[in-house]
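Read-outs throughout are calculated quantities, based only on the coordinates presented, and are distinct from any laboratory measurement. Model, not experiment: these values are computed from the prediction. Glycine also receives a Cβ, built like all others from the backbone with ideal geometry; neighbour counts cover every protein chain displayed.
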Amino acid sequence: MQLQKLILYENMPEAIYEEILTSEIITLDVGEPSKKNGVVSQNSVWKRRFLAAAVCMGLLCILLAGLTGLLLKQKKQMTSHNILAKERDRLQTGYNNITEERDQLHKETNILKQLLVLKGCLSGWKKFGCSCYYISTEKKTWNESREDCQGRGADLVVINSLEEHAFIKALNYRAWIGLTDLEVKRTWRWVDGTPLTTSYWNWMEPNNYGGNEHCVQLYLIDSDPVKAWNDAPCSHDYQWICERLSA
């Protein structure tokens, strides 16, 4: 084929030969870059795919690291929660045990009190007739004194007879008794709600000195066998006498 072309070219005029030669050279020059561009284009595609794969792998690694950290943190929190739950259960068990012991002590104390009552008055109380009397060693206001008596299962003493008054008077205490006109001024009533019918006031009493004397105290100021009461401000601190029924 090439030999035929050479024979043909030799018999051609020089101008036509140069034109054909130039055309083939141009054809070769144009076709060669096309092949090179195809190779370059294919390399670019693979390069882009490689970069995309690398980016995806990087993102997956970051995501995996984040998930791992999150799982570790959650595991740590769960461990702390379990420890706290166990500690809470331990404290609750201890509290329940202490509560049971306290209730048992209360029951035993009540039984002992009942046994003492069956024998008469509690230790530290004085017996007269059907009642037991407690004389305080400290001093409080009238209201505080009554609260103390009520906490002992009693109340401030209510004097119902001359004999009981003589017994209380013989104790020789300056102490609160259960008589007041706090509810209705100048209308004296005992703490059990009964009105005053028989009184044992000191001379010139009650005088409501200063306009605020509404509670009554046992106050011995002379040798009179009967007189022994004095009205005083309820906010003053004195000893007090409690009364409760004996068994």
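Annotations for the structure displayed:
- Amide H contacts under 5 Å for Trp240: Ser136, Trp176, restricted to partners 5 or more places along the chain or on a different chain, H placed in the peptide plane at 1.01 Å from N.
- Here's how it looks for Phe128: its modeled amide H is under 5 Å from those of Tyr133, which are all 5 or more places away or on a different chain.
- Inter-probe distance in nm under a simple model that places probes 7 Å from Cα toward Cβ, at Lys185 and Arg49: 10.9
- Taking θ as phi - 60° and the Karplus parameters 6.51, -1.76 and 1.60, the scalar couplings of the stretch 144-157 work out to 5, 5, 5, 4, 5, 4, 5, x, 9, x, 9, 8, 4, 4 Hz in sequence order, x denoting glycine and proline.
- Dipole moment magnitude, nearest 20 debye, the stretch 151-244 about Cα centre, only Lys, Arg, Asp, Glu C-beta charged: 80
- In sequence order, calculated HN-Hα J values of the stretch 73-90 (Karplus, 6.51, -1.76, 1.60; Hz; x Gly/Pro): 5, 5, 5, 5, 5, 5, 4, 4, 4, 5, 5, 5, 5, 5, 5, 4, 5, 5
- Cα-based shape type of the stretch 156-230, given that a ≥ b ≥ c are square roots of the gyration tensor eigenvalues and the cut on a/c is 1.5: oblate
- Reference-scaled alpha-carbon Rg (2.2 N^0.38 Å with N residues) for the stretch 39-143: 3.07
- Long-range amide H partners of Leu179 with built H, under 5 Å: Val216
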